[in-house]
Amino acid sequence: MATINKKTFIEKFSTNNGISKADAEKLISSFSSLISELIKDGNKVQVPGVGVFVIKDKKARIARNPKTGEKVNVPAKRVVKVSKIEVEIL
C-alpha cells in the first residue's frame, strides 16, 4: 500500500473533478481550514464517507526515549482524532 502525499492527492483530485491543480488546492485547503475551525470550537464534525473529526485532550506524561532509554516529559496537548466511517467500495 502506497502513501499518497498532498501533491499527489491534489493532482488526482484535480483530474477526477476536471479542475485546475490550483483550484483543487484551494478547495482542499478550504476544507481543511473549515474542519479545523469547527473542531476548535468543540464541535464534532462528521463528514459522510470520510470520517468523524474531534479534538482530544491528552494528559502530560513521562515517556522513554527508545534510543537512549532516558525518561522524557511529554507535555499535555490537544490533538485531532479522526474516526473512520466504513463505506462499501464498489
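Explain nothing, just the number: dipole magnitude of segment 9-90 about its Cα centre with +1 on each Lys and Arg Cβ and -1 on each Asp and Glu Cβ, in debye rounded to the nearest 20.
Using only the charged Cβ atoms, the result is roughly 720 debye.
Can you give the three extents of the C-alpha atoms in segment 44-90 along their principal axes, from longest to shortest, in whole Å?
48, 24, 8
Between Val80 and Asn17, how high is the FRET efficiency from 1/(1 + (r/R0)^6) when r is the Cβ-Cβ distance and R₀ = 25 Å? Nearest 0.05.
0.50
Kindly identify segment 1-43 as rounded, prolate or oblate by the Cα gyration tensor criterion: order the square roots of the eigenvalues as a ≥ b ≥ c, call it rounded if a/c is under 1.5, otherwise compare a/b with b/c, prolate if a/b is larger, else oblate.
oblate
Based only on Cα atoms, what Rg/Rh ratio does the chain have, Rh being taken as Kirkwood's radius?
Result: Rg/Rh = 1.10.
List, in the order given, every pair from Lys6/Lys26; Lys26/Lys58; Lys26/Lys56 whose Cα-Cα distance in the structure shown is over 23 Å.
Lys26/Lys58; Lys26/Lys56
Tell me which of Ile55, Ala76, Asn65 sits at the most positive position along the dipole axis of the chain, charges placed on C-beta atoms (Lys, Arg +1; Asp, Glu -1).
Farthest towards the positive pole: Asn65.
Considering Cα pairs under 8 angstrom that are at least six residues apart, work out the relative contact order of segment 44-90 and quote it in whole percent.
Computed over segment 44-90, the figure is 42 percent.
Bear in mind that the values in this text are calculations on the coordinates, not laboratory data. Just so you know, these numbers come straight off a predicted model, no measurement behind them. Positions of Cβ are generated from backbone atoms using ideal geometry, with glycine treated the same way; all protein chains shown enter the neighbour counts.
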